[in-house]
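*Asks:* Just dropping this structure here.
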């Protein structure tokens with residue numbers, strides 16, 4: 001591209017971030033098992049993984065744990081817009097999201 005469209009990246013920072021991501025996957029983080037936010041991270045638009053095995057493991061885990069009858073849950077035990085959700089409460093209790 002043109003000189004104004006080039007993004008310069010510190011290669012050491014890039015490698016550190018890639019190693020951190022690969023060490024966490026297929027989990028979402030140390031405290032969360034999996035999350036639908038991993039889908040755009042590992043596939044379009046980010047394509048953050050170059051390891052096919054890790055990509056497949058992460059994708060399979062997200063699909064296996066979060067796919068429902070009508071689509072994907074955002075995270076495990078997500079009750080947003082379900083008949084079980086209390087519309088008078090604004091937040092989940094800590095025990096409900098662990």
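Coordinate-derived values only; no laboratory data. Since the model is a prediction, treat every value here as computed from it, not as a measurement. Ideal geometry is used to build each Cβ from the backbone, glycine not excepted, and the neighbour counts take in all protein chains shown.
*Asks:* Can you give me the Rg/Rh ratio for segment 30-98, using Cα atoms for both radii and the Kirkwood formula for Rh?
*Replies:* Across segment 30-98, the Cα-based Rg/Rh ratio is 1.04.
*Asks:* Apply 1/(1 + (r/R0)^6) to the Cβ-Cβ distance of residue 77 and residue 4, taking R0 = 41 Å, and write down the FRET efficiency to the nearest 0.05.
*Replies:* For residue 77 and residue 4, the calculated efficiency is 0.35.
*Asks:* Using 20 Å as the cut-off for backbone N distance, which residues of segment 54-76 belong to the label zone defined by a point 7 Å from the Cα of residue 22 along Cα→Cβ?
*Replies:* Correct set: 54-61.
*Asks:* Does anyone have the angle between helix 11-24 and the longest principal axis of the chain? Alpha-carbon axes, 0 to 90°, nearest 10?
*Replies:* 30
*Asks:* Tell me what the chain gives for mean residue ellipticity at 222 nm when only DSSP H runs of n ≥ 4 count, each as -39,500 (n - 2.57), the sum divided by the residue total, rounded to 500 deg cm²/dmol.
*Replies:* Computed mean residue ellipticity for the chain: -10500 deg cm²/dmol.
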